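Participant: Please read through the structure below; I'll follow up with questions.
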Amino acid sequence: METFTAAAHHDVLLLLVQIAVLLLTARGLGEVAQRLNQPSVVGEILAGILLGPSLLSSLFPALGSWIMPQTPVQGYLLEVVSLLGVMFLLLITGLETDLALIRRQARTAVGASLGGILVPFISGFVLGYYLPDVLLVRTEQRLIFALFLATAMSISAIPVIAKVLIDMKLMRRDVGQTILAAGMVDDAMGWILLSIVAGLAAGAQVSVESVLWAVAKVALFIAFSFTFGRWLVKRSLDFVQDEVRSRDRLLTLVIVLTFVWGSITQALNLEAVLGAFFMGILFGQMPRLPNDVVHKLESMTMGIFAPIFFAVAGLKVHVLNLFTPQLMAIALLVILVATFGKFVGAYVGVRFMGRRDPWTALSLGAGMNARGAMEIIVATIGLQLGILSQEMFSIIVLMAMVTSLMAPPILRWTLSRITPEPQELERLRQEELFKDSVVAQIHRVLVPVRRRDEPDAMYHIKTYLLDKLNRHAPLSVTLFNVCDRHEHALSMAFLDQLAKELKAKEVTKKVVEARAPVQAILDEALKDYHLIVLGATEEADRQGALFHPIIDEMVRLAPCPTLVVKGGNKASHWLPKRLMVPTNGSVASQHAAEIAYLLADEPSHEVLLLSVMQRPSPENLLEAALLEREREVRRQILDELVARAVARGVRARSLIETGAEVETVIVDVARREGVDLILLGTDVRPGSDRLFLGPRVERILNSAPCPVVVFNAS
């Protein structure tokens, strides 16, 4: 057994220089591309082409010796960094993949994929059969060469497609998700074809059994991912969030499982990027995954590893080798046939199977025409197996780069002629509206419950609120009960009953035996929860508490936002149709309004936005003079809130009232208007050892004629 040794000192030095130069140049040219209204991936690929043997490394060999790997070890080191880039990029792509949307677009995606494979494969095979012998390593392998070229032309590059869609802000568009879905099928079929051709080149016998096994490997991996893989991801998240306290623990978990899945697909000869993509899909289906984990992955990928990956792909292009009339003509012919095959194939499939309009069909053809790094990987395999000559390798790599550079401008041109469907426009509008909303940050909710002292109607109100939140974005809800010793079984049975009423995507039940319920709940809340939902009983004023001593303590010390429901005496069929949000323009009241908009999602519902001005004393003329100016400011605040409600499809109206005591006016308006629910936005104010939300909040809670929801985001 050989002793493990590190790379030579010079090899490591060269790697550090390469990463610095490639990253700086790629980001710089990516910035230039964006300023020219092109995706940054265009500049990142060009960075590698300009630095590589196509230009600078050939013109200045001394410079090239520092940029281009000179030994196999140096090449391996740079390839490892490049591999990290493509795997992280596919992970991000998987996280952004909307399976529900893809299912709705399945017919179009399958049509584009089938056409995008069959036509390029046939045209590539015919071209490969008639190319000059000079491009073949061995003339007796003409059939294998033609099959390999056909396979190479059939494959699309999900990494390049994904980066183009991200750069052009098309990832959430229907056409973007459809292109991605079609690219997934394309790549899966392409790797199956590649494994068959590679087996032929290696002298293996290709039989029906071997072809079926190649197809079965992909199918089994997908089934394995969506069964055991989904279970593993959920259980791993449970364990890491509950038991591990290290910083960035979830980021580590995502990356570890990504490389585990990549190693599985690599072992199956399906390429590691496929495993990374599916792991991204699995984590994307977990509502409990915090947004900051995704943001960190995106920053790391888009800011560091992806630009290096695309620059390394550009380094492999050697345009100077093709500067002969014959090779340039062949290169042009290969590019034309490859582009023709993808466009025609995707167009026919989308038009006749997907039954979509011509511009949508052309858009899918443009997106799937990008070959990029996948084509380079395929070409590299062909070079290693002795199927491709160096000249043919350069031609295929050039074709991959040209088709990738063609994709953005053609996509931009075709998409400008597509009229989005109303359903898509509404979905995109809602996503944009909620993008920076406090509600958009809520994915994992903790619901502490008691087996005693809490009316049944309180459970109904909390369940109603959670159901509305879940409609906006899938929730992971944890029902949590603190019990005495020997009551574990009773408590779990109680939670089982409550769980039946919840419609959240994921419901977890936890029972903890502890004598200090507040500390037990706060310890649980530290495990990456985004919201705590609490129910206040009618015993609120004992011991000077605002809600209840336990609830007050949790709101005061909670590490995340809290939502407290006060007033559970309504009947169990209570449904709030008229909601009221008192507002003074503060951020806290805006948060309460966002919650109200989410709850009032029926045409019969209405949100009343109330602003109360204190009546000036008759003798204070200066204050009276300022009254109109204050009224105008409040009117502008209310108009903006109403506009936000209308944009969300919520019926809302505003009201400005004047009174001596703000809280008295709020309660009076609630009675007069028949309000079913009051929503208050608050911030925890500094106090001694008790919860203090201000005297007005306390008076409203004690006098309100209906349930009150207090949302504290601080």
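Participant: Considering every residue within region 317-324, establish whether at least one is within 30 Å of Leu446 (Cα to Cα) and surrounded by fewer than 16 Cβ atoms within 10 Å (Cβ to Cβ). Give the derivation first.
Facilitator: Here is the first cut: in region 317-324, the residues within 30 Å of Leu446 (Cα to Cα) are none.
Taking every residue of region 317-324 in turn, none turns out to be within 30 Å of Leu446 (Cα to Cα) and surrounded by fewer than 16 Cβ atoms within 10 Å (Cβ to Cβ).
Participant: Quick check on Ala26: is it within 30 Å of Met184 (Cα to Cα), of a type in the set (A, V, I, L, M, F, W, C), in the same structural domain as Leu165 (by TED's automatic domain parsing) and part of a helix (DSSP H, G or I)? If you could, list the steps in order and put the result at the bottom.
Facilitator: Details: within 30 Å of Met184 (Cα to Cα): yes; of a type in the set (A, V, I, L, M, F, W, C): yes; in the same structural domain as Leu165 (by TED's automatic domain parsing): yes; part of a helix (DSSP H, G or I): yes.
Against the criterion (within 30 Å of Met184 (Cα to Cα), of a type in the set (A, V, I, L, M, F, W, C), in the same structural domain as Leu165 (by TED's automatic domain parsing) and part of a helix (DSSP H, G or I)), Ala26 qualifies.
Participant: Just checking, how many residues over region 133-165 are within 20 Å of Val185 (Cβ to Cβ) and at pLDDT below 80?
Facilitator: 11
Participant: Looking for something in a helix (DSSP H, G or I), touching a residue at least 40 places away in the same chain (Cβ under 8 Å) and closer than 20 Å to Leu83 by Cβ - is there at least one such residue anywhere in region 209-222? I'd like the intermediate steps shown before the answer.
Facilitator: We begin by selecting, within region 209-222, every residue in a helix (DSSP H, G or I); these are 209-222.
Going one step further and asking which of them are touching a residue at least 40 places away in the same chain (Cβ under 8 Å), we end up with 217-218, 221-222.
With closer than 20 Å to Leu83 by Cβ added as a condition, the list becomes 221.
Yes, because at least one residue in region 209-222 is in a helix (DSSP H, G or I), touching a residue at least 40 places away in the same chain (Cβ under 8 Å) and closer than 20 Å to Leu83 by Cβ.
Participant: Also, I was wondering about something else. Return the only residue of Arg107, Arg35 being surrounded by fewer than 14 Cβ atoms within 10 Å (Cβ to Cβ) and modelled with pLDDT under 90. I'd like the intermediate steps shown before the answer.
Facilitator: On the way: Arg107 fails: surrounded by fewer than 14 Cβ atoms within 10 Å (Cβ to Cβ).
Selected residue: Arg35, the only one of Arg107, Arg35 that is surrounded by fewer than 14 Cβ atoms within 10 Å (Cβ to Cβ) and modelled with pLDDT under 90.
Participant: In addition: Please go through region 291-340 and give me each residue that is under 22 Å from the mean Cα position of the chain (by Cα) and not hydrophobic (A, V, I, L, M, F, W, C), ordered by number.
Facilitator: Asn291, Asp292, His295, Lys296, Glu298, Ser299, Thr301, Gly303, Pro307
Participant: With a cut-off of at least 2 residues that are within 15 Å of Ser611 (Cα to Cα), name the strands (runs of 3 or more DSSP E) lying wholly within region 640-714. Let's see the steps before the verdict.
Facilitator: Details: elements: 652-659, 677-682, 708-712.
Here the list reads 652-659, 677-682.
Participant: Right, here's the next one. Does Gly284 fit the bill of being closer than 16 Å to Gly85 by Cβ and either within 11 Å of the chain's Cα centre (by Cα) or at pLDDT 85 or above (or both)?
Facilitator: Numbers: closer than 16 Å to Gly85 by Cβ: no; either within 11 Å of the chain's Cα centre (by Cα) or at pLDDT 85 or above (or both): yes.
So Gly284 does not fit the description; no.
Participant: Give just the number: which of (1) surrounded by fewer than 15 Cβ atoms within 10 Å (Cβ to Cβ); (2) within 23 Å of Cys560 (Cβ to Cβ); (3) among the hydrophobic types (A, V, I, L, M, F, W, C) does Ala493 not satisfy?
Facilitator: Ala493 satisfies every listed condition except (2).
Participant: How about region 334-388: which of its residues are in a loop (DSSP other than H, G, I, E, B) and in contact with an Asp or Glu (Cβ under 8 Å, 6 or more places away or on another chain)?
Facilitator: So the first thing to find is which residues in region 334-388 are in a loop (DSSP other than H, G, I, E, B), and the list is 353-357, 369-371, 385-387.
Listed by number, the list is empty, since nothing qualifies.
The values are calculated or read from the model by the stated rules, or taken from the named source; none is laboratory data. Quantities reported herein were computed from a predicted structural model and do not represent experimental measurements. All Cβ positions, even for glycine, are placed from backbone atoms using ideal geometry, and neighbour counts span all protein chains on display.
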